1. Name the single residue, out of those in region 136-172 being surrounded by 10 or more Cβ atoms within 10 Å (Cβ to Cβ) and under 30 Å from Asp41 (Cα atoms), that is modelled with the lowest pLDDT.
2. Restricting to region 40-64, give me the number of residues that are exposed (fewer than 15 other Cβ atoms within 10 Å of the Cβ) and more than 24 Å from Arg8 (Cβ to Cβ).
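The values are calculated or read from the model by the stated rules, or taken from the named source; none is laboratory data. In this text, all values refer to a predicted model and were calculated from it rather than measured experimentally. Positions of Cβ are backbone-derived with ideal geometry, glycine not excepted, and every protein chain shown enters the neighbour counts.
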Amino acid sequence: MPNGHGLRSRCRDLFSQGFRQKGIIALTNYYRVYKIGDFVDIKVNSAVHSGMPHKWYHGKTGVVWNVTKRALGVEVNKTVRPRARPPASRVPRLTALRPQVNGRIIKKRIHVRVEHVKPSRCREDFLARRVKNEALKKKAKADGGAISAAAPLSATPAAARLTLAPRAQWCWAGTSCAAPSRARARRS
């Protein structure tokens, strides 16, 4: 029989809990305060079946647009890929008239229970840079000079280097090498 394409197919490793993460859910998940506009990461907790989002949303980042008693409304961007159209001779007349979605980004609004959501760290660098820039502006205003390095600077490229593998890894199977590997030396 062919493999199934059900709602939770191919989720054995996707939804599995990490090492020492199984068991009772921490109360911090329930006491956390979320506000509209917060960025959150959707991370499915397979121990809680109610309010579980579809597997596609696992690992996605979204914005909170609604807060209810036990759940959050999260808006996630979903890129829809264009479908390959079959030849016109094989397409029924009604299907050919349907508009195609070509790589469009669709805003999906879903409700997810708080057990499947955690605050996102995607804005930490931006907020730290903003605090640093405000300090630079304040210092520049006090000194009467110009602001230096307010825009983010791109990192310089790393210096080139050559990494060689140990001599034992250069040998191919069935060829003679100057230094035999330990595995071959033990067998003989």
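1. Ala150
2. Count: 0.
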